[in-house]
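Input: a single structure, listed below in structure tokens.
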Amino acid sequence: MSKKVFWCKNCLNMSTRPRIVFDERGWCNACVWAEQKKKMDWSVREKELLQILDRYRADDGSFDCMVPVSGGKDGSYVSYMLKHKYNMNPLAITITPALSLELGNRNLKNYIESGYNHIQINPDFEAMRILNKTGFIEKGFPYYGWLIAIQAAPVRMTLNMGISLIFYGEDGEVEYGGTTTTRTNPMYDPQYMRDIYLEGGHEKVLKASGLKKSQLNFFQFPTEEELKDKDLNIAHWSYFESWDPYRNYLVAKEHCGLEEAEETNSGTFTNFAQNDQALYALHTYMMYLKFGFGRGTQDAGIEIRRGSMTREQAVNLVRLYDGQYPEEFIELYLDYYQMSQKEFDDVLDFWVNKELFRKIDGRWEPLFTVE
């Protein structure tokens, strides 16, 4: 490797992670933030939250905020808190993923039946397929079309329905390592979504797809003209309280009917998160090929930062689970993308970081050892 990679001294975040920085101790910014969270007076931010909620609280029974949900732990937790702790009337919204899983569908049904108003958007199937395939090829991002939709469609729907406030779950950049732009500011805008979550490739993928405008309604952000004079506020719930994915899981399980998978998920040792779609396993495998860390590293970092796992335990788990090839879904992927095995493999080969991996017997193997 021409450039030596290294790992966070506290968790296992790699130096290859986009936008990550390390302090003089060798701690990544996710661990620095976790350390700071323990010292914060969260009542200050709760007061800030209450001021926002009181500004938009509806007394006439209309919806006063929107929460994107999948039926998983985080959206369920956020909507539960808004409804039952803060007496808001949230409207939950789901953008149906391309290759939904039975467990995910069941969890979404359980969530709705636990007492939430909910709308589900099913974007043009062929448009979603083409955008996902284009994102897979052009961005190394196998569900890029769906990623666009879960950012753009809720923004568009809030404007259409006269709702001014959207709460997403955690700010992944702050919580897991990345830009700290929103660490001290709860609100962000569609441009932040395009730059960070869509990695600046939104317009490129839409153009490369060759799709008609009529197919792209749920994949297009409102224009500046459409947003002009509109009171639109997009926030991460994790700004207002100390974010804990495992706590979210327990609340969602008790109050929203969340079920976990019977076995651990592909590429990790957990079974209670990201159970809604088959393409997530490919996403985390490609993340591993591009950057050298996968789903196991992400989950281990969360457990270390919440104090439930030692770094030594995490190293053993990451070595065991990270980078698993999602064999069980390959035929499904080929059918969905309408690709041959060779075409599919060629895309993987294009995006793999050759400084981190070498191919042995048809599979990419790491040139590094997690330490």
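The values are calculated or read from the model by the stated rules, or taken from the named source; none is laboratory data. Since this is a predicted model, take the numbers as computed values, not measurements. Reconstructed Cβ throughout: ideal geometry from the backbone, glycine too, with neighbour counts over all protein chains shown.
What number goes with the only condition from (1) among the charged types (D, E, K, R); (2) under 21 Å from Thr223 (Cα atoms); (3) touching a residue at least 24 places away in the same chain (Cβ under 8 Å) that Asp195 does not pass?
Only one criterion is unmet by Asp195, namely (3).
Take the conditions under 30 Å from Arg55 (Cβ atoms) and assigned to a helix (DSSP H, G or I) and apply them to Ser238. Does it pass?
Spelling it out, Ser238 is indeed under 30 Å from Arg55 (Cβ atoms) and assigned to a helix (DSSP H, G or I).
Does Phe6 satisfy the criteria of being out of contact with any Lys or Arg (no Cβ under 9 Å at 6 or more places or on another chain), closer than 26 Å to Glu371 by Cβ and surrounded by fewer than 22 Cβ atoms within 10 Å (Cβ to Cβ)?
yes
Filter segment 213-231 down to the residues that are over 16 Å from Tyr192 (Cα atoms) and either part of a loop (DSSP other than H, G, I, E, B) or of a type in the set (Val, Ile, Thr) (or both) and list them by number.
Leu216, Lys228, Asp229, Lys230, Asp231
So, in segment 223-252, of the ones that are of a type in the set (Val, Ile, Thr) and in contact (Cβ under 8 Å) with a residue 60 or more places away in the chain, which residue ends up nearest to Ala30 (Cα to Cα)?
So, considering only residues that are of a type in the set (Val, Ile, Thr) and in contact (Cβ under 8 Å) with a residue 60 or more places away in the chain, the one nearest to Ala30 (Cα to Cα) is Ile234.
Restricting to segment 83-92, name every residue that is among the aliphatic types (A, V, I, L, M) and in contact with an Asp or Glu (Cβ under 9 Å, 6 or more places away or on another chain).
Of everything in segment 83-92, those that are among the aliphatic types (A, V, I, L, M) and in contact with an Asp or Glu (Cβ under 9 Å, 6 or more places away or on another chain) turn out to be Met88, Leu91.
Is it true that Gly301 is touching a helix residue (DSSP H, G or I) at 6+ places or on another chain (Cβ under 8 Å), buried (at least 18 other Cβ atoms within 10 Å of the Cβ), in contact (Cβ under 8 Å) with a residue 12 or more places away in the chain and assigned to a helix (DSSP H, G or I)?
Against the criterion (touching a helix residue (DSSP H, G or I) at 6+ places or on another chain (Cβ under 8 Å), buried (at least 18 other Cβ atoms within 10 Å of the Cβ), in contact (Cβ under 8 Å) with a residue 12 or more places away in the chain and assigned to a helix (DSSP H, G or I)), Gly301 qualifies.
Name the single residue that is nearest to Phe344 (Cα to Cα) among those in segment 104-158 being surrounded by fewer than 20 Cβ atoms within 10 Å (Cβ to Cβ) and small (Gly, Ala, Ser).
Gly140
Looking at segment 177-205, which of the residues that are in a helix (DSSP H, G or I) and among the aliphatic types (A, V, I, L, M) is surrounded by the most Cβ atoms within 10 Å (Cβ to Cβ)?
Only one residue tops the list, namely Val205.
Restricting segment 1-30 to residues that are part of a loop (DSSP other than H, G, I, E, B) and of a type in the set (Phe, Trp, Tyr), which is farthest from Glu173 (Cα to Cα)?
Ranking the candidates gives Phe6 first.
Looking at this structure, is Val67 out of contact with any Ser or Thr (no Cβ under 8 Å at 6 or more places or on another chain), among the β-branched types (Val, Ile, Thr) and modelled with pLDDT of 95 or more?
When the stated conditions are applied, Val67 does not pass them.
Answer with yes or no whether Ser62 is small (Gly, Ala, Ser), in contact with a strand residue (DSSP E or B) (Cβ under 8 Å, 6 or more places away or on another chain) and either farther than 30 Å from Gln313 by Cβ or outside the structural domain of Ile119 (by TED's automatic domain parsing) (or both).
So Ser62 does not fit the description; no.
Residues being among the aliphatic types (A, V, I, L, M), outside any helix (DSSP H, G or I) and either in contact with a Leu (Cβ under 8 Å, 6 or more places away or on another chain) or closer than 21 Å to Ile304 by Cβ (or both): count how many of those fall in segment 248-292.
So the count comes out to 3.
Sort out which residues of segment 197-241 are under 18 Å from the mean Cα position of the chain (by Cα) and of a type outside the set (Phe, Trp, Tyr), and write them in order of number.
Leu198, Glu199, Gly200, Gly201, His202, Ile234, Ala235, His236, Ser238
Consider Val174 carefully, then state whether it is at pLDDT below 95, under 24 Å from Met81 (Cβ atoms), assigned to a helix (DSSP H, G or I) and not assigned by TED's automatic domain parsing to the domain that holds Thr284.
yes
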